[in-house]
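This report concerns only the one structure given below.
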Amino acid sequence: MQPRKPRLPFANAWLFPAATLYAAFLLPWSVLTLLGLVPALPGLATSSGHAHEMLFGFALAVVAGYLLGPQPLCFTLILLGCWALARVSFLLWPGSWLALASAAAFAGALAWKVLPRFFGAAKKWRNQTVAPAVAGLGLLSAIASSGFGAEIDRLALLQTLLLLATLMFFMGGRIIAPAIAGYAQSQGWRLDARVQPHIEGAVLILLGLALLLNLLPWPLAQQLTAAVLISAGALTTIRLLRWQPWRCARPDLLILLLGYAWLALGLLLFGLATVLPRLPLSATLHALSVGALGSLTFAVMARTRLIYRFRDPAEQSRIQAMALLISLAALARVLPTLLDRRPGWLLLAAGCWSLAFLALALLLWRCRDVHPDSARGSADR
């Protein structure tokens, strides 16, 4: 009998903690920089630098950790090194060749591993949308690190947020639907509306149209973009309601559903802000970035590592309560912006965000890699 080959370690065992600690410390530091309370790093001297690190520093690392799966440790460490170098070079020398090269290396390595799994291997076109989304994120990360100018950076960040919204809609739905269906079966009821392919396909098409229309400078294109985003937000809301969230009492599912609700709200606000000058765009962007992206990444990272460590995503249920701090942080960024009362709320948002991700970092440490037999034994107990 031949001995079993050792299992490759999951890339998320390294990338999730790195992204979590970066979110807990660096992103609040950028808020304090904007308020003039701490020394400003060159890359965080503007609000676009804060958004850049939120999307390309934090979010892209989470996406990589989730999509890569098991990888040779050497590859994971090289990828992590590229990510860390891209962060340091952008913070200290934004627009430099080193920032561009390291961001491109990280994006290229991620695309090399992820794209073949979705292009061709996935039979349904909806499943293949992950590949162009990841490729687009990689390209935009290089463009946004190149220092082409404020207008290019702004457009790249908006396009990145739309691509991340596409991934959150697709991947979030593919996680939530079977999770609620399994929970419903355990509770003695049946969930008939699961993936909802017609709604999923319609929203993916609408978000693809929004990405194209957002590149056009004409007023008609802006109006069409607004209509497309509002429609996408409405359909996302319908999909969410058909999952019957009011019947779910498990904390880990409620946090996923809350993040999806922020996604629906963010798309609706984004569409409205495109045609209503009195509605600040920053409010809509924080609904998507802090509310949706923060909640869903928190829930996915916690769920992924809990399943690996305990075979049960509902284990350590107290961590789910900490995720509510992210929604509080989102409210502290969205509502004051709508009411034109900003002072003081930024500190509340930064504090809530940081506490939530520090708690997640502690959970990830407790759920660090163990021998599979040990993990199975812990689950049996």
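The values are calculated or read from the model by the stated rules, or taken from the named source; none is laboratory data. Everything numeric in this text was worked out from a predicted model, so none of it was measured. Note that each Cβ is placed from the backbone with ideal geometry, even for glycine, and that neighbours are counted across all protein chains shown. Note: accessible area is taken over every heavy atom of the protein model, side chains too, but ligands, DNA and RNA are not part of it. Shrake-Rupley method; radii C 1.70, N 1.55, O 1.52, S 1.80 Å.
Across q = 0.15 Å⁻¹, the chain modelled as identical point scatterers on its alpha-carbon atoms has Debye log10 I(q)/I(0) values of -1.53, in the order of the q list. With Cα atoms defining each centre, segment 25-83 and segment 282-313 are spaced 16 Å apart in the structure. Other residues whose C-beta falls under 14 angstrom from the C-beta of ALA232 contribute a net charge of 0, scoring Lys and Arg +1 and Asp and Glu -1. Modelled spin labels at ARG194 and ASP312, positioned 7 Å past Cα toward Cβ, are 2.4 nm from each other. Whole-percent P(r), segment 26-80, all Cα pairs, 5 Å bins from 0: 4, 19, 23, 14, 12, 12, 10, 5, 1. Of the residues LEU216, LEU269, the one with the largest accessible area comes first in the ranking LEU216, LEU269, computed with a 1.4 Å probe on protein heavy atoms. Of the whole protein surface, ARG366 contributes about 130 Å² of accessible area at a 1.4 Å probe radius. When Rg and the Kirkwood radius Rh are both evaluated on Cα atoms of segment 9-148, their ratio Rg/Rh stands at 1.00.
Were the residues from ARG126 through PHE25 laid out at 0.36 nm apart, the gain over their Cα-Cα distance would be 32.8 nm.
In the chain, the DSSP-assigned H stretches of four residues or longer account for a calculated mean residue ellipticity at 222 nm of -24500 deg cm²/dmol, using -39500 (n - 2.57) per stretch and the full residue count as denominator. Accessible surface calculations at 1.4 Å, restricted to protein heavy atoms, place the chain at 45 Å² per residue.
Quick note on segment 231-350: its Rg to Rh ratio, both from C-alpha atoms and Rh being the Kirkwood radius, is 1.02. Working note: Karplus 6.51/-1.76/1.60 with θ = phi - 60° gives segment 81-89 the couplings x, 5, 4, 5, 5, 5, 5, 5, 5 Hz, where Gly and Pro are set to x.
With a 1.4 Å probe rolled over the protein heavy atoms of all chains, the accessible area of ILE205, ILE176, ILE230 falls in the order ILE205, ILE230, ILE176, largest first. For the residues SER295, SER47, SER146, a 1.4 Å probe over the protein chains yields an accessible-area ranking, largest first, of SER47, SER146, SER295. Relative contact order of the chain, taken over Cα pairs closer than 8 Å and 6 or more residues apart, is 16 percent.
Please work out the C-alpha center-to-center distance from segment 353-367 to segment 220-276 and express it in whole Å. The two parts, judged by their Cα centres, are 27 Å apart.
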